[in-house]
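The values are calculated or read from the model by the stated rules, or taken from the named source; none is laboratory data. This structure is a prediction, so every number in the text was calculated from the model and none was measured. Methodologically, a virtual Cβ is constructed for each residue, glycine included, from the backbone with ideal geometry; neighbour enumeration extends over all protein chains shown. Only protein heavy atoms, including side chains, enter the accessible area calculation; ligands, DNA and RNA are left aside. Shrake-Rupley method; radii C 1.70, N 1.55, O 1.52, S 1.80 Å.
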Amino acid sequence: LWLEQMRPVTPALLELLETASASFSEWIQKLRGPGLDGIIDDSKIVELAARAKAAQPEEVTVGTVSVPRGLYDIYTKEAAEHIAVLEAQCARWREALPAEASQDFVRAAHTLASTSRTAGFAPLAELASALEQWTAFAKETPEKDAETVQAAIVDLRAMVEAISKGEAPAPDAA
(Lines give C-alpha, C1' and ligand atoms only; values in the text may rest on other atoms or scores of the structure.)
Protein backbone atom coordinates (compact mmCIF):
# COMPACT_ATOMS: atom_id res chain seq x y z
CA LEU A 1 0.00 0.00 0.00
CA TRP A 2 2.83 2.37 0.88
CA LEU A 3 4.39 2.01 -2.57
CA GLU A 4 1.03 2.10 -4.32
CA GLN A 5 0.27 5.45 -2.69
CA MET A 6 3.77 6.66 -3.64
CA ARG A 7 4.47 7.88 -0.13
CA PRO A 8 7.94 9.29 0.48
CA VAL A 9 10.60 7.20 2.18
CA THR A 10 11.28 8.40 5.71
CA PRO A 11 13.93 7.38 8.25
CA ALA A 12 11.15 5.74 10.29
CA LEU A 13 10.10 3.64 7.27
CA LEU A 14 13.69 2.60 6.57
CA GLU A 15 14.15 1.54 10.20
CA LEU A 16 10.93 -0.48 10.00
CA LEU A 17 12.05 -2.23 6.81
CA GLU A 18 15.52 -3.01 8.19
CA THR A 19 14.12 -4.38 11.45
CA ALA A 20 11.41 -6.41 9.72
CA SER A 21 13.88 -7.86 7.23
CA ALA A 22 16.32 -8.87 9.99
CA SER A 23 13.50 -10.36 12.08
CA PHE A 24 12.08 -12.34 9.16
CA SER A 25 15.52 -13.67 8.27
CA GLU A 26 16.07 -14.75 11.90
CA TRP A 27 12.65 -16.43 12.08
CA ILE A 28 13.23 -18.27 8.78
CA GLN A 29 16.60 -19.56 10.03
CA LYS A 30 14.94 -20.83 13.21
CA LEU A 31 12.24 -22.58 11.16
CA ARG A 32 14.90 -24.25 8.99
CA GLY A 33 16.86 -25.30 12.05
CA PRO A 34 15.54 -26.73 15.27
CA GLY A 35 12.39 -24.57 15.03
CA LEU A 36 11.08 -21.62 16.88
CA ASP A 37 11.51 -21.81 20.61
CA GLY A 38 8.36 -20.02 21.58
CA ILE A 39 6.21 -17.15 20.49
CA ILE A 40 7.54 -14.75 17.90
CA ASP A 41 8.06 -11.32 19.41
CA ASP A 42 6.85 -8.87 16.80
CA SER A 43 6.34 -5.97 19.20
CA LYS A 44 9.33 -4.00 17.86
CA ILE A 45 7.99 -4.26 14.29
CA VAL A 46 4.50 -3.21 15.39
CA GLU A 47 5.96 -0.23 17.27
CA LEU A 48 8.09 0.82 14.28
CA ALA A 49 5.13 0.46 11.90
CA ALA A 50 3.04 2.77 14.08
CA ARG A 51 5.90 5.28 14.21
CA ALA A 52 6.39 5.12 10.41
CA LYS A 53 2.68 5.67 9.84
CA ALA A 54 2.64 8.62 12.25
CA ALA A 55 5.63 10.16 10.46
CA GLN A 56 3.62 10.58 7.27
CA PRO A 57 2.34 14.06 6.46
CA GLU A 58 -1.34 14.61 7.10
CA GLU A 59 -1.62 16.57 3.85
CA VAL A 60 -0.44 15.99 0.31
CA THR A 61 0.58 19.01 -1.74
CA VAL A 62 0.19 18.86 -5.50
CA GLY A 63 1.36 22.08 -7.12
CA THR A 64 -0.41 24.79 -5.14
CA VAL A 65 -3.17 22.49 -3.86
CA SER A 66 -2.96 20.89 -0.40
CA VAL A 67 -5.33 18.02 0.25
CA PRO A 68 -5.78 15.91 3.40
CA ARG A 69 -4.07 12.53 2.92
CA GLY A 70 -7.31 10.55 3.25
CA LEU A 71 -9.11 12.66 0.65
CA TYR A 72 -6.12 12.48 -1.69
CA ASP A 73 -5.96 8.68 -1.45
CA ILE A 74 -9.68 8.30 -2.14
CA TYR A 75 -9.67 10.94 -4.88
CA THR A 76 -6.76 9.46 -6.86
CA LYS A 77 -8.20 5.94 -6.70
CA GLU A 78 -11.69 6.99 -7.74
CA ALA A 79 -10.50 9.45 -10.39
CA ALA A 80 -8.57 6.64 -12.10
CA GLU A 81 -11.74 4.52 -12.03
CA HIS A 82 -13.79 7.33 -13.62
CA ILE A 83 -11.17 7.73 -16.36
CA ALA A 84 -11.39 4.00 -17.12
CA VAL A 85 -15.18 4.31 -17.47
CA LEU A 86 -14.85 7.36 -19.74
CA GLU A 87 -12.37 5.52 -21.97
CA ALA A 88 -14.49 2.38 -22.26
CA GLN A 89 -17.73 4.28 -22.83
CA CYS A 90 -16.13 6.61 -25.37
CA ALA A 91 -14.92 3.61 -27.37
CA ARG A 92 -18.46 2.18 -27.37
CA TRP A 93 -19.93 5.54 -28.33
CA ARG A 94 -17.50 5.91 -31.24
CA GLU A 95 -18.40 2.44 -32.54
CA ALA A 96 -22.11 3.31 -32.49
CA LEU A 97 -21.98 6.81 -34.02
CA PRO A 98 -24.30 8.62 -34.24
CA ALA A 99 -25.27 7.77 -30.66
CA GLU A 100 -26.04 9.32 -27.32
CA ALA A 101 -23.48 9.20 -24.54
CA SER A 102 -24.25 6.43 -22.05
CA GLN A 103 -25.42 7.16 -18.53
CA ASP A 104 -22.17 5.62 -17.28
CA PHE A 105 -20.22 8.17 -19.34
CA VAL A 106 -22.33 11.07 -18.03
CA ARG A 107 -22.00 9.87 -14.43
CA ALA A 108 -18.23 9.40 -14.70
CA ALA A 109 -17.72 12.86 -16.24
CA HIS A 110 -20.00 14.49 -13.67
CA THR A 111 -18.43 12.75 -10.69
CA LEU A 112 -14.89 13.41 -11.90
CA ALA A 113 -15.75 17.10 -12.35
CA SER A 114 -17.36 17.48 -8.93
CA THR A 115 -14.75 15.54 -6.96
CA SER A 116 -11.93 17.35 -8.75
CA ARG A 117 -13.49 20.68 -7.86
CA THR A 118 -13.92 19.57 -4.24
CA ALA A 119 -10.29 18.44 -4.05
CA GLY A 120 -9.13 21.76 -5.56
CA PHE A 121 -7.98 20.57 -8.99
CA ALA A 122 -9.81 23.25 -10.98
CA PRO A 123 -8.33 22.67 -14.48
CA LEU A 124 -9.24 18.99 -14.33
CA ALA A 125 -12.70 19.85 -12.98
CA GLU A 126 -13.29 22.33 -15.80
CA LEU A 127 -12.33 19.85 -18.52
CA ALA A 128 -14.44 17.06 -16.99
CA SER A 129 -17.35 19.49 -16.64
CA ALA A 130 -17.03 20.55 -20.29
CA LEU A 131 -17.10 16.86 -21.25
CA GLU A 132 -20.23 16.35 -19.17
CA GLN A 133 -21.92 19.36 -20.82
CA TRP A 134 -21.01 17.97 -24.25
CA THR A 135 -22.92 14.74 -23.55
CA ALA A 136 -26.22 16.49 -24.30
CA PHE A 137 -24.96 16.91 -27.88
CA ALA A 138 -23.24 13.54 -28.30
CA LYS A 139 -25.81 12.24 -30.80
CA GLU A 140 -25.24 15.25 -33.07
CA THR A 141 -21.43 15.00 -32.91
CA PRO A 142 -19.97 14.29 -36.35
CA GLU A 143 -17.46 11.44 -36.62
CA LYS A 144 -14.65 13.89 -37.41
CA ASP A 145 -15.21 15.58 -34.01
CA ALA A 146 -15.14 12.30 -32.08
CA GLU A 147 -11.36 12.58 -31.95
CA THR A 148 -11.72 15.82 -29.96
CA VAL A 149 -13.79 14.00 -27.36
CA GLN A 150 -11.19 11.22 -27.23
CA ALA A 151 -8.39 13.78 -26.86
CA ALA A 152 -10.18 15.37 -23.90
CA ILE A 153 -10.28 11.99 -22.17
CA VAL A 154 -6.58 11.44 -22.92
CA ASP A 155 -5.85 14.84 -21.35
CA LEU A 156 -7.96 13.96 -18.31
CA ARG A 157 -6.00 10.70 -17.90
CA ALA A 158 -2.68 12.57 -18.07
CA MET A 159 -3.90 15.04 -15.45
CA VAL A 160 -5.10 12.30 -13.07
CA GLU A 161 -1.85 10.37 -13.50
CA ALA A 162 0.18 13.50 -12.73
CA ILE A 163 -1.87 14.19 -9.59
CA SER A 164 -1.47 10.54 -8.54
CA LYS A 165 2.31 11.02 -8.73
CA GLY A 166 2.07 14.18 -6.62
CA GLU A 167 2.77 16.39 -9.63
CA ALA A 168 0.74 19.35 -10.81
CA PRO A 169 -1.01 18.53 -14.09
CA ALA A 170 0.63 20.01 -17.16
CA PRO A 171 -0.91 23.42 -17.93
CA ASP A 172 -1.45 22.48 -21.58
CA ALA A 173 -3.30 19.24 -20.69
CA ALA A 174 -6.54 21.16 -20.23
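Within segment 155-171, work out how many residues are open to solvent by 80 Å² or more (accessible area, probe 1.4 Å) and closer than 16 Å to Q89 by Cα.
Qualifying residue count for the region: 0.
Among what's in segment 37-73 and is assigned to a helix (DSSP H, G or I) and in contact with a helix residue (DSSP H, G or I) (Cβ under 7 Å, 6 or more places away or on another chain), pick the residue that is farthest from L124 (Cα to Cα).
Residue satisfying both the conditions and the ranking: K44.
Give me the pairs: first residue in segment 111-139 and without any contact (Cβ under 8 Å) to a residue 24 or more places away in the chain, second residue surrounded by fewer than 19 Cβ atoms within 10 Å (Cβ to Cβ) and assigned to a helix (DSSP H, G or I), beta-carbon distance under 7 Å, and six or more apart or on different chains, which are they?
Once the first residue is without any contact (Cβ under 8 Å) to a residue 24 or more places away in the chain and sits in segment 111-139, its partners that are surrounded by fewer than 19 Cβ atoms within 10 Å (Cβ to Cβ) and assigned to a helix (DSSP H, G or I) give A113/S129; A125/R117.
Every residue, every condition in (1) open to solvent by 80 Å² or more (accessible area, probe 1.4 Å); (2) closer than 21 Å to R117 by Cα; (3) not basic (K, R), yes or no:
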position: S43; (1), (2), (3): no, no, yes
position: A50; (1), (2), (3): no, no, yes
position: K53; (1), (2), (3): yes, no, no
position: T64; (1), (2), (3): yes, yes, yes
position: L71; (1), (2), (3): no, yes, yes
position: K77; (1), (2), (3): yes, yes, no
position: A80; (1), (2), (3): no, yes, yes
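Quick one: which of A151, A125, A108 is surrounded by fewer than 16 Cβ atoms within 10 Å (Cβ to Cβ), at pLDDT 95 or above and either on the phi > 0 side of the Ramachandran plot or small (G, A, S) (or both)?
The unique qualifying residue is A151.
Among the residues of segment 1-17, which ones are hydrophobic (A, V, I, L, M, F, W, C) and modelled with pLDDT of 70 or more?
Of everything in segment 1-17, those that are hydrophobic (A, V, I, L, M, F, W, C) and modelled with pLDDT of 70 or more turn out to be V9, A12, L13, L14, L16, L17.
Would you check if V85 is touching an Asp or Glu at 6+ places or on another chain (Cβ under 6 Å), open to solvent by 30 Å² or more (accessible area, probe 1.4 Å) and in a helix (DSSP H, G or I)?
So V85 fits the description; yes.
Let me spell it out: the conditions are (1) part of a helix (DSSP H, G or I); (2) open to solvent by 50 Å² or more (accessible area, probe 1.4 Å), and P34 meets all of them except one. Which number is the exception?
Only one criterion in (1) part of a helix (DSSP H, G or I); (2) open to solvent by 50 Å² or more (accessible area, probe 1.4 Å) is unmet by P34, namely (1).
Of (1) of a type in the set (D, E); (2) within 30 Å of L14 (Cα to Cα); (3) without any contact (Cβ under 8 Å) to a residue 24 or more places away in the chain, E78 satisfies all except one. Which?
Checking E78 against (1) of a type in the set (D, E); (2) within 30 Å of L14 (Cα to Cα); (3) without any contact (Cβ under 8 Å) to a residue 24 or more places away in the chain, the one that fails is (3).
Going by the structure shown, is A113 surrounded by 20 or more Cβ atoms within 10 Å (Cβ to Cβ) and either of a type in the set (A, V, I, L, M) or at pLDDT 95 or above (or both)?
Answer is yes for this residue.
Where the second residue is surrounded by 12 or more Cβ atoms within 10 Å (Cβ to Cβ) and in a helix (DSSP H, G or I) and the first is touching a residue at least 40 places away in the same chain (Cβ under 8 Å) and of a type in the set (A, V, I, L, M, F, W, C) and lies in segment 27-51, which pairs have Cβ atoms under 6 Å and are six or more apart or on separate chains?
Note: no pairs meet the criteria.
Given the options V65, V46, V60, name the one that is touching a strand residue (DSSP E or B) at 6+ places or on another chain (Cβ under 7 Å) and on the phi < 0 side of the Ramachandran plot.
The unique qualifying residue is V60.
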